[in-house]
Amino acid sequence: MATKSFYETMVIDTPEAAANLAKAIDDYEQYGAYQPGPTQGVCTDPEVIKKIKEAWQ
């Protein structure tokens, strides 16, 4: 569960930041929206899941 918003104002204040944004736009136009592939290595071990949940609390 998110505890804060991930929406922030983009700051494009360097040539590198501008180039990265331009590349992202070009990639979107060429390949379309990012589609993540299938999840690999899903863990179903209850002990591992319990440890992960405890670490996030």
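The values are calculated or read from the model by the stated rules, or taken from the named source; none is laboratory data. All of these numbers come straight from a predicted model, not from anything done at the bench. Because the Cβ atoms are built from the backbone with ideal geometry, glycine has one as well, and the counts that use them run over all protein chains shown. The protein model used for the area step is the full one, side chains on, heavy atoms only, and it has no ligands, DNA or RNA in it. Shrake-Rupley method; radii C 1.70, N 1.55, O 1.52, S 1.80 Å.
Spelling out what I want: for every residue of segment 27-36, take phi, set θ = phi - 60°, compute 6.51 cos²θ - 1.76 cosθ + 1.60 (Karplus), and round to whole Hz; glycine and proline get x.
Values, residue by residue: 4, 4, 5, 7, 10, x, 5, 5, 10, x Hz.
Got a sec? What order do 8, 54 fall in by accessible area at 1.4 Å, biggest, i.e. largest, first?
So the residues, ranked largest to smallest area, are 8, 54.
Just to confirm the filter: which chymotrypsin sites (Phe, Trp or Tyr not before Pro) across the chain are DSSP coil and have at most 12 other Cβ within 10 angstrom of their Cβ?
For chymotrypsin sites (Phe, Trp or Tyr not before Pro) across the chain that sit outside H, G, I, E and B with at most 12 neighbouring Cβ atoms in 10 Å, the list reads 6, 7, 34, 56.
Taking the Cα of residue 12, stepping 7 Å toward and past its beta carbon, and measuring to each backbone N in segment 25-47: which are under 13 Å?
It comes to 25-27, nothing else.
Enter the angle in degrees (range 0 to 90, nearest 10) between the Cα long axis of helix 46-55 and the first principal axis of the Cα atoms of the chain, meaning the one along which they spread out most.
60 degrees
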